[in-house]
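Everything on this sheet refers to the single structure shown next.
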Amino acid sequence: MQTKLPLILIVGPTAVGKTELAIQLAERLNGEIISADSRLFYRGMDIGTAKPSREELERVPHYLIDIVNPDETLSLAVFQEKAKNIIADIHARGKLPFLVGGTGQYIRAVTQGWTPPEVVQNARMRDELERMKNENSAEWLHAKLNILDSEAAAKIDARNVRRTIRALEVILTTGKKFSEQRGQSESPYQLITIGLNRPREELYRRVDERIDLMFANGLVDEVKGLLARGYPATLPSMSAIGYRECVSVAKGLLTVEQAKVEMRRVTRIFVRRQANWFKESDPNIMWFKVENGVGQEIESLIRQLIDF
């Protein structure tokens, strides 16, 4: 029986500190990092996604960051294929791959061999669902998904219209729940899943500080620049937290302070939704509180588990 090669997962809620810890571990363990954060795919969307800085990217090789334009999409299947190829290349060069991020479905697609539902896109149905969203709201459409498939709805942000419509399209086409159609197989890797957490109030404080820093670093100007380059506010990428609020600032519909308040509110919801993907009760995740010395503790554990 062929021995499985290791894959280190670093998961946890937004703003918990995954980026810095992953870089530290990769530096110490001859590793390279594959991003599993869907927001980091987009070129030109740097501040609002808390994309690693140029200095951080230079410390350790990173992959699947800045790979599409804001008006392009990267399907789950395409991401899955790209990530698997990169992991194989990292292994072939004798290095250790780290898959890092908070986007649960992208991580599971790689680690659990998810097979996305094979349903041909139905343009007429999508147009009708889009019309219903425009006549009502994204939240209204998401509520319909919740009625048909509450498990899928719990894991899809109500503002992610593209994923909501896709889930509804699959359900209405097949008559089966979207959440039940992801075929999966045994993982091809020796998975070591590290979960990072902090006390909820500390995490919220870090979220607030990050949002303030985003605005100080020019988030509104970043969004105005995207709009000026012809990327419409209706794009799925522009519905990401921070971007929709700053579009409203650019249009004079919100003040900066009002935008900050709304970002804090929706980010807290997002943090709670991430907990649906990565539960502290999951026996396959080894959880660590982010505090002084935790990097050394995790490094020691990894070395033991993969006989480094």
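The values are calculated or read from the model by the stated rules, or taken from the named source; none is laboratory data. All of these numbers come straight from a predicted model, not from anything done at the bench. As a convention, Cβ positions derive from the backbone with ideal geometry for all residues, glycine included, and neighbour counts pool all protein chains shown.
Which residues, taken from the stretch 229-262, are aliphatic (A, V, I, L, M) and within 23 Å of the chain's Cα centre (by Cα)? Within the stretch 229-262, 233, 235, 238, 240, 241, 247, 259, 261 meet the criteria.
Each residue in the stretch 51-71 was checked for being over 16 Å from residue 37 (Cα atoms), crowded, with 16+ Cβ neighbours inside 10 Å and either under 15 Å from the mean Cα position of the chain (by Cα) or in contact (Cβ under 8 Å) with a residue 40 or more places away in the chain (or both), and 0 pass. Residues in the stretch 46-91 that are more than 29 Å from residue 210 (Cα to Cα) and basic (Lys, Arg): 82, 84.
Residue 113 meets each of the listed conditions (1) under 19 Å from residue 156 (Cα atoms); (2) in a loop (DSSP other than H, G, I, E, B); (3) not acidic (Asp, Glu) apart from (1).
Taking the stretch 150-251 and the helices (runs of 4 or more DSSP H) fully enclosed by it, the elements with 2 or more residues that are in the same structural domain as residue 273 (by TED's automatic domain parsing) and crowded, with 18+ Cβ neighbours inside 10 Å are at 200-216, 219-228, 243-250.
Selection of the stretch 252-308 for residues being part of a helix (DSSP H, G or I), hydroxyl-bearing (Ser, Thr, Tyr) and loosely packed, with under 12 Cβ neighbours inside 10 Å yields only 300.
A quick yes/no check of all residues on (1) touching a helix residue (DSSP H, G or I) at 6+ places or on another chain (Cβ under 7 Å); (2) small (Gly, Ala, Ser); (3) without any contact (Cβ under 8 Å) to a residue 12 or more places away in the chain:
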{"site": "213", "(1), (2), (3)": "no, no, yes"}
{"site": "221", "(1), (2), (3)": "no, no, yes"}
{"site": "225", "(1), (2), (3)": "no, yes, no"}
{"site": "263", "(1), (2), (3)": "yes, no, no"}
{"site": "267", "(1), (2), (3)": "yes, no, no"}
{"site": "281", "(1), (2), (3)": "no, yes, yes"}
{"site": "291", "(1), (2), (3)": "no, no, yes"}
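Filtering the stretch 126-162 to residues that are under 17 Å from the mean Cα position of the chain (by Cα) and in contact (Cβ under 8 Å) with a residue 24 or more places away in the chain leaves 152, 154, 155, 157, 159, 160, 161, 162.
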